[in-house]
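The values are calculated or read from the model by the stated rules, or taken from the named source; none is laboratory data. Predicted model only: the values in this text are computed from it and were never measured. Don't worry about glycine lacking a Cβ; one is built from the backbone with ideal geometry, like all the others, and counts go over all protein chains shown.
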Amino acid sequence: MPELPDVEGFRRVLIACGRRCVTDIEVRDAGVLRGVTEKRLRKDGEGRRLGTAWRHGKWLFAPMDGGPTLVFHFGMTGSLWCCSPDEPLAAHDRLVLTLDDVRSLRYRDQRKLQGVQLLGDAAVGRILDGLGPDALAVDRAELAELLSGRRGAVKSALMDQSVIAGLGNLLCDEILWRARFAPRTPARDLSETACRGIHAAMGRVLRSSVRAGCVPPRRSWLTGRRDDSEPRCPRCRGALCSGRLAGRRTVWCPHCQP
DNA sequence: ATAAAGTCCTGAAAGC
DNA sequence: TGCTTTCAGGACTTTA
């Protein structure tokens, strides 16, 4: 699930929690802690007030007043919830922060592919150094610049977080379908006009998805068709192709995306 | 049993 | 040729 639009939704969950004080931290599965022990997390985190959460790509940062920053990554199955402490826990609630004893912030994740870190400013900086600009903030010229000179498939370039941060498998397929480019097109072969089209498609897909909090599985979108048993293109009604690119399932329309 | 929306690591290919 | 950058695929983990 979690690509940029989902993580943007999780940021709003954090904002909705308010700038409350962390009164308790319960580690229900230490497997999601990355580079921090339960002891350290509780020692450094409990008693601190949450600052304003921010996001870059698929990473979510929750700075704590006068202290380190809680850093969340959601892998493929992670999510963040803010509810009443009375709410029964879900099976995969791995980390539970109680806020001012009145709110319960829950990091839920089935597969523990990623996790939660507690980092100082320098370490946060190192994460950002490894990421390209946030996909929502990339302008047309910048996208063309980012794609130029990449000899691999355009989908691989868009998926590469060090090139542009926030796009995942579903978004990339959706964007390329909208812009009418085959996923395997070498990025450097794209003309100025082609990049312009991809940029426009990216903006539209991202804005709609952020509004929905996910890449919406609408029937008028590729995403809404890719799990059909015999998927057809919502635009031309032709049969969609499904294959593997860079290890990820890739769906495209051979007619619309030559 | 297979496949899944995440990233990291590896060996290989491409480029200078 | 040799070094560096870039690419594609597999590992990781858990469950439906």
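For the stretch A:64-71, the criterion of being β-branched (Val, Ile, Thr) and touching a residue at least 12 places away in the same chain (Cβ under 8 Å) is satisfied by at least one residue.
Residues of the stretch A:72-105 that are more than 16 Å from DNA strand C (Cβ to nearest atom) and assigned to a strand (DSSP E or B): A:72, A:80, A:81, A:82, A:83, A:96, A:97, A:98, A:99, A:103, A:104, A:105. Give the stretch A:1-58 a look and list any residue that's crowded, with 21+ Cβ neighbours inside 10 Å, free of Cβ contacts under 8 Å to residues at least 60 places away in the same chain and not in a loop (DSSP other than H, G, I, E, B), or say none. Passing the criteria: only A:50.
The set of residues from the stretch A:226-239 being surrounded by 16 or more Cβ atoms within 10 Å (Cβ to Cβ) and within 13 Å of DNA strand B (Cβ to nearest atom) comprises A:226, A:231. Quick check: anything in the stretch A:154-169 within 11 Å of DNA strand B (Cβ to nearest atom), farther than 20 Å from residue A:11 by Cα, of a type in the set (Gly, Ala, Ser) and in the same structural domain as residue A:217 (by TED's automatic domain parsing)? Yes, because at least one residue in the stretch A:154-169 is within 11 Å of DNA strand B (Cβ to nearest atom), farther than 20 Å from residue A:11 by Cα, of a type in the set (Gly, Ala, Ser) and in the same structural domain as residue A:217 (by TED's automatic domain parsing). Within the stretch A:173-214, the set of residues being of a type in the set (S, T, N, Q) and within 13 Å of DNA strand B (Cβ to nearest atom) comprises A:209 only.
Note on the stretch A:117-143: residues that are surrounded by fewer than 20 Cβ atoms within 10 Å (Cβ to Cβ) and more than 11 Å from DNA strand B (Cβ to nearest atom) total 17.
Residues of the stretch A:112-130 that are in a loop (DSSP other than H, G, I, E, B) and either over 11 Å from residue A:78 (Cα atoms) or modelled with pLDDT of 90 or more (or both): A:114, A:115, A:120, A:130.
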